Structures are given as structure tokens and as C-alpha cells.
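The values are calculated or read from the model by the stated rules, or taken from the named source; none is laboratory data. Quantities reported herein were computed from a predicted structural model and do not represent experimental measurements. Cβ coordinates were reconstructed from backbone atoms using ideal geometry, including for glycine residues, and neighbour counts include every protein chain displayed.
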Amino acid sequence: MNKNISPVKGTHDLYGQDMEKFNYVVELFYSIANKFNFNAIQTPIIENQELFSRSVGELTDIVSKEMYSFIDKNESILCLRPEATSGIARFAAANYQSGSLKFSTHGPMFRRERPQKGRYRQFYQINIENIGEKSPYIDFEIIYIASAFINKLGISNDKYNLLINSLGSAEDQNNFSKLLKDYLSQFTKKLSETSLSRLNKNPLRILDSKDDGDREILVNAPKIRDHLSKESKDYFSKIKMFLSDNGISFQEDDKLVRGLDYYTHTTFEFQTNEEKRQNAILAGGRYDKLINMISTKDMPGIGWAAGIERLMALIPNVNKGNNSSKKILLALQKEEYLNSLNVLKQLYQSDFSHEIKISNNIKKLFSYADKNDFDFLLLIGESEIQSNEISVKDLNKKIQKTHSLTDFNLKNEIR
Ligand code: HAM
């Protein structure tokens, strides 16, 4: 006997109601992205690993521990993308002409994390990115779109918080990193192993350590907001003003440094109120250093990504189709009856979602229609053929009528 093969750990199949929800989230996302003039893009799932070690950062968990990397037959080191921003930035650097390039995308990402509810090794993200221009309005707009999207999904605003922070310019970050490192160096004996390993190369990341001992040490650590340049502070103030003016509530969180190294200035995260680790549903920020880390070009960018599975967990089931697309079952008692039909042609030309079922057992056809949520059953059985008729049953209203097969008009009868 052959053994069953299970899905790879941390991956999952999407089907039925899950697939309906998935498509609903993706379609709603693109409708909002289109409204704000973002253009859809798909970048490859496999990339050169170097793209992510340069952009996301060699010392991050994503690159150092969670990448699915492999050596290709020609010896190049490739990987499955852990996120979409770097691939889009690579494309933008190569194709930029002027103004803003505005991108929307969705697709699978891969991180070899420890799987748990809401955390997968293959998961799906939707992303928007605005590359090439910089202004507080652009930062605000990106956050506004996120908020509009979450509201449109029907996730009410008492279910989540928007956290925002500013990491300042690259220069601000360098200066602050030195201060923070000096402060934290007094506690090398008490810092967690992970934080200690970050102390020299990336002390900023220590700020979002989840370790209780680290958190205690961080209470008296210098605060990034006290060490931003005037320019960076003004930039951040304008974004906060736009958010308030447009009724978007937020909380400032100066520990929000994010797990990817490319951020400067604005960072933000929409988190659910639930007390669990996987509570980030949508996150992003400004990445003015990124393009120059992966290309000879230098231009600003900002964007966000949301985990589709995490959004799906927060919305109710969705109904497939709408009233304008009734679901029809055309049931025939014999295969030959297909020939005599202009009904089939009319079905093919219509927008109705439909299925054709052939069975000698009429009872079976009716029960199939009932079990599979059809709205109408069109029946051509032996008796219908003899009288040159078709029976039409409205399965919701439970009304059945017969019509002449010769001049049957599908659109007139299905409403
Ligand atoms: P990120 O915070 O790594 O950012 O991921 C964004 C979102 O993807 C998270 O908030 C979460 O909803 C979802 N997510 C991440 N990892 C998993 C996982 N293992 N399982 C399920 N969902 C997950 C980025 O990826 C950046 N590229 C965002 C960005 C775009 N920044 C600028 N532009």
C-alpha cells in the first residue's frame, strides 16, 4: 500500500470557502489599489539570494534563519522570496524614468518560521509600493489606503490598532544607534543572547526584543523620538497631522523598528487587539535606503504588505457570486438531448454560472441541485423531449414551469 503524502509543514491548501474568502480579499485590494492609481505587477518567486541579503539585511531572522535558499545547477545561489518589496524595488531601479512608480501585487512568500496559527512557511501577501517620490502626503496616502482597505473588509476599528513610529533618516539612525549601543553596552551580562548578537551590528533591532529581561533594560534606554533631526521630526509631524485630519486614529510606538533592515523614517503596523504573537495583519514603512542597497540608483520608496491568511481569519464567510449571476443546473436524462438544444448555446453565451449533469435518475438530479446551492434547475427529461418542452424550476421560490423548447429564452426565464 502506498503511504499518503501530506502537505509540507507550514503550508496549506486553499479550497472552497477559503478560496472564496481569499479571492474576495484580493479583489477588494485591487479595486482600492486601482482607485489610487497603483498598477499591478508580478515579480518572480525565485530570486538571487543576494537581493534579500542586501535589502532585508544579512543579520535579520528572515535572511539568516528563515530563507529557503538553494544552489542552482549553474552554481548561482537562489531563494524563494520571503517578501515582495525587494523584487519590486529591483524592477523599479531598472525601469524608473520619472515621478512615482506605484505598484500593487499579491502572491506567495516563503519563510522557514516555526509554524503556528496565523504563521506559515508559505503564506500569501498583498502589497502596495510607491517608489520614486517622497513627501509626507505620500506616506499618509499609503497608510490611508491600508486603513480604507481594512475597513472595507468589514474589520471594525475596535478590533485593531494602528501603531506608527519614525526611525528618522539614515543619519539619524546612525547617530541614535551609537547612543543606544553605548547605553546597552552597560548590560552585556544581562542582555538576551539574540540581543547581544545584535549589539554591534544592529542595536536598533534590540528595541523590539520580546525578552522580559531586555524589556526591563530598555525602559530607561534613550528614545529615538528625542534624537530625530528637526527635518525628520517635521516630516513625521505632518504625517500625523494628515492622519488626524482624516479621522485615522493611531498610537505612537517608538519601539516599532520592524524586522527588516531597509526602513527609514515612517514605520507602521496594524495589529489586532488579541493577545497573541501573530497579531500583525498589515505592516510597512518608508525605505529610502533600499534601492541604493540593491542597485546603482538611489530613490525613495514606501509601502506595506498584509498577510492574506491573517485577514481571512478576521472576516466572515463570503457568498460566491451575486444576484446577477444565478447558478444554473442544466439536467438531462440522456446525452443525446444535448444535440437538440439551443439551450446549451444560450447558457454558454450567458454570464450565468452553470453546470451540465446527465443522469437517467431524475431524483438524483434534483437532489444534486439542492445540495449544491443551485438557484435554477433546467430539466430536459424523456417526457419533456416528447412534448418538445423544458421544465424550469426556481429552487429558491420552489416554483416549476414548462416552456416550449423551440422558442425558450434563457434570459427571460432566469431572474
Ligand atoms: P512583514 O512585516 O515581514 O513586512 O510582513 C507583512 C505582513 O505579512 C505581516 O504583518 C503579516 O500579516 C504577514 N506575515 C508575515 N509573515 C507571515 C507568516 N509567516 N505567516 C503568515 N503571515 C505572515 C514585509 O514583508 C514588508 N515587505 C512590508 C513592506 C512593504 N514594507 C514596505 N513595503
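The number of residues in segment 367-390 being farther than 11 Å from Q333 by Cβ and buried (at least 17 other Cβ atoms within 10 Å of the Cβ) comes to 9. Would a scan of segment 44-51 turn up a residue that is at negative phi and under 18 Å from the mean Cα position of the chain (by Cα)? Yes - at least one qualifying residue is present in segment 44-51. Restricting the search to helices (runs of 4 or more DSSP H) fully inside segment 28-111 and requiring at least 2 residues that are over 20 Å from Y287 (Cβ atoms) gives an empty result. With respect to the conditions (1) touching a residue at least 24 places away in the same chain (Cβ under 8 Å); (2) away from the ligand (no atom under 16 Å from the Cβ), G132 lacks only one, and its number is (2). Per the listing S237, S244, S249, the residue uniquely hydroxyl-bearing (S, T, Y), in a loop (DSSP other than H, G, I, E, B) and at pLDDT 95 or above is S249. Checked against (1) in contact (Cβ under 8 Å) with a residue 40 or more places away in the chain; (2) closer than 26 Å to T11 by Cβ; (3) in contact with a Leu (Cβ under 7 Å, 6 or more places away or on another chain); (4) more than 12 Å from the ligand (Cβ to nearest atom), M67 passes all but a single condition, namely (3).
Scanning segment 370-384 for residues that are touching a residue at least 12 places away in the same chain (Cβ under 8 Å) and over 17 Å from Y337 (Cβ atoms) yields a count of 6.
Within this structure, E129 fails the test of being touching a strand residue (DSSP E or B) at 6+ places or on another chain (Cβ under 7 Å), crowded, with 17+ Cβ neighbours inside 10 Å and assigned to a loop (DSSP other than H, G, I, E, B).
None of D214, D158, D172 is at negative phi and in a loop (DSSP other than H, G, I, E, B) except D158. Just one of the listed residues (L184, L207, L180, L191) is part of a loop (DSSP other than H, G, I, E, B), surrounded by 18 or more Cβ atoms within 10 Å (Cβ to Cβ) and not assigned by TED's automatic domain parsing to the domain that holds F22, namely L191.
Has segment 244-256 got at least one residue that is within 12 Å of the ligand (Cβ to nearest atom) and more than 30 Å from G381 (Cα to Cα)? For segment 244-256, residues within 12 Å of the ligand (Cβ to nearest atom) and more than 30 Å from G381 (Cα to Cα): present.
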